[in-house]
Structures are given as C-alpha cells and as structure tokens.
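To start, the structure itself, in structure tokens.
Read-outs throughout are calculated quantities, based only on the coordinates presented, and are distinct from any laboratory measurement. This is a predicted model, so every value here is computed, not measured. Neighbour counts run over all protein chains shown; Cβ positions are idealised from the backbone, glycine included.
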Amino acid sequence: MNIKRFGAWILATALSIGIAGAAPVGESVDRAQAAATSWLSLVDSAEFGRSWSQAANTFKSAVPEAQWVSTVRGVRAPLGPVVSRKLKSATFTASLPGAPPGKYVVLQYTTDFSNRADAVETVTFMLDGGAWRAAGYYIR
C-alpha cells in the first residue's frame, strides 16, 4: 500500500468513531502533545511493535501489527535518523470532516531527518480509554 494512501487510510479509520471525555482544550492539547512525544520516540528508535501496541484501539483494529511494522520500517529507514523535530501546530477539534463528534488533537511537526530535510510529520491523537493515543501518522 502506498504510504500516502496508508496514512490517509489510518487517519480516516481513526476518525470514523466517536470519543467521549471532558478536559479543558489546553490541557487536552498538552496531554496529547506529551503522548505524541513519547510515541514518536518509539518510532524514532525503530520500536515499531511497541508503537503499535501503544496506539489507539481503532488504529490497531485497522492495521495488523505486522503490516504497521513493515510499512513504517519501509518509510522511515530511507529517511535516516531524526536530526531535529519542531512542533509546527497542535490543533484540538471536536469534529473533523466525515467524522462523528469526539476529541482529537492533530499535531504537525517540521522534521529534519539525516537524509531528508523539512519533512512534515502529521500525527493524529485521539482520546481512547481515557488516554491520548496515536490514531494516525503521515509524513510528507
């Protein structure tokens, strides 16, 4: 599966369910950002199996672990290690096109890899079982 379509597919799948929970918007964004930092460190360390196990249930239901590991390894390996990553935006939303109301935080990072500068990583986190968990990952 093409990684662009894969990323869009994961995001669309993650957004197709409703999510409950109540926290102030700023606190939600802060918690989602902290969770994203932790989750991205697993991906950066090539701990792809652990990143899958810590993802949202919808993510795990949509993509089997072996497929996730194979796909993300194939995408990340040519890029090389992360040299720097800077948060570009963090947006809380209770609605996304085609998705039911819920709690989502979409984070975009400007990331320099050793073999590619100025990539944009988009990570979507969702409130899942009371915790912010990865529901989508996309690099362009």
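Miscellaneous remarks
- Spatial offset of the stretch 103-140 relative to the stretch 52-98 amounts to 6 Å, using the alpha carbon center of each.
- FRET efficiency, Asp112 to Asp30 (Cβ-Cβ, R0 35 Å, nearest 0.05): 0.90
- Seen from Lys103, the other residues with C-beta closer than 14 Å to its C-beta sum to a net charge of -1, counting Lys and Arg as +1 and Asp and Glu as -1.
- A Förster distance of 22 Å, applied to the separation of the beta-carbon atoms of Thr93 and Val120, puts the FRET efficiency at 0.75.
- Taking a Cβ cut-off of under 14 Å around Met126, the surrounding Lys, Arg, Asp and Glu residues balance to a net charge of +3, with basic ones at +1 and acidic ones at -1.
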